[in-house]
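Coordinate-derived values only; no laboratory data. Source: prediction; values computed, not measured. Reconstructed Cβ throughout: ideal geometry from the backbone, glycine too, with neighbour counts over all protein chains shown.
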Amino acid sequence: MKKTRSLKNKLAALLTLALLLPAAIASAIPAQAAPEFGEDAEPNPSGAYLKYVAVVSKPEGDPDDPGKNHLAHSSTQFKKTDYIIEEGDMLEYDVRFDFDGYGGFGAVDADISGFGPSFRDAGVSDQNGVDVHIGADIRAHADGQWYHRVIPLGFTEDESRSGRYTIGRTLINVQFGTHPSGSDEFDFTVEILYDNIVITNNGVLKYVIFREAEDFNEAEVRRIGSQFVDARVELCEFTPEELQQMADEKEAAIQASVQASEEEASRQESRAKAQEEASKKASEEKASRELAEAESREAAEAGDESGDGPALALILGIVGGLVVIVVIVVVIFAVTGSKKKKP
């Protein structure tokens, strides 16, 4: 019985250890710095950045037709390139805007030799499934915060929804584009911030489009096409206060993540302890029941044995008595018979 209880306690302890071990290992492993590139990279704006300013205005003489707002768009070249796209190339960049209720959609676009339409119509998406198109809604990721996008640049016909390929083609230029929508309003301004625009391959930097102020040449900036939009590209510099604010926001996000991890580990520990206590209590109750049942059986068996003793003694007594009577009768008959034979 004691061996059974000991084995159950050991099994309960092993179960608790199995539940607590993952959390313990996770807390013991030091947090690693996020990679500079790739889907796990964090946005890292610093120093200089580019601001794409697009003013959406209703043209003079245009009839009062707010429905034409959805046609407002603009594309502006900000860099010429001669980069030959390779298999596995990715376009990566940081982007941010403050959504004001009717504007803010935008993305990095490009012209590619022999590709046909602009890159925005390639039919590919970033790591979170957001389309590369300049009208794609990125509010969930970039509204009021920096968002690091990773988008396939080198792909085959089978890897794009457009059925076109880019591998081996030349990246002619890189553009900023915006296609604000979602309102009947005109006369508003869209401001989108960009930084760290690069081409990578398997996490390795291949080509810098913009990272520092010297990567921007204002002479290369020109309008590609627009309707109802007057756009421009501005080279900006973060102030020390802005950099400190971003650093504070990043630290707060890290602390929130650490706190969430600690709370989850604490919840797992509490659940493990509750399960251990429940398992231990169930084992003890079962052992108690088994012990009571064993004792009950032993008492019953002892009772049966004690009940057979008097009955057997009685039977033996009766038999003994009968034997004595028989012996007496035999003796009497023997004596009587002997007396009758004498003369």
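Which one, F105, G225, I199, projects farthest toward the positive side of the charge dipole computed for the stretch 48-238 from Cβ point charges (K/R +1, D/E -1)?
I199
Using the alpha-carbon centroid of each, what span in Å lies between the stretch 101-146 and the stretch 215-261?
The stretch 101-146 and the stretch 215-261 have Cα centres separated by 16 Å.
Determine the sum of side-chain charges near D248: Lys and Arg each +1, Asp and Glu each -1, restricted to other residues whose C-beta is under 12 angstrom from that of D248.
Counting the neighbours of D248, the net charge comes to -3.
List H133, H148, H141 from most exposed to least, where exposure is judged by having the fewest other Cβ atoms within 10 Å.
Ascending number of Cβ neighbours within 10 Å: H141, H133, H148.
Would you mind computing, in nm to one decimal, how far apart the modelled labels at A213 and I167 are, each placed 7 Å from Cα along Cα→Cβ?
4.1
Given a Förster distance of 41 angstrom, what is the FRET efficiency for E36 paired with S270, based on the Cβ-Cβ distance and rounded to 0.05?
It comes out at approximately 0.60.
Does a label point 7 Å from the Cα of K80, set along Cα-to-beta-carbon, have any residues of the stretch 197-222 with amide nitrogen under 18 Å, and which are they?
208-210, 215-222
Using 7 Å Cα-to-Cβ label points, what is the E157/S296 separation (nm, one decimal)?
Here the modelled spin labels are 8.0 nm apart.
Which value, in debye to the nearest 20, gives the size of the charge dipole of the stretch 117-260 about its Cα centre, when Lys and Arg are +1 and Asp and Glu are -1 at the Cβ?
Around 760 debye, computed over the stretch 117-260.
Can you pick out the pairs among K58/K80; K51/K250; K79/K250 whose Cα atoms lie more than 26 Å from each other?
As for pairs spanning more than 26 Å Cα to Cα, those are K58/K80; K79/K250.
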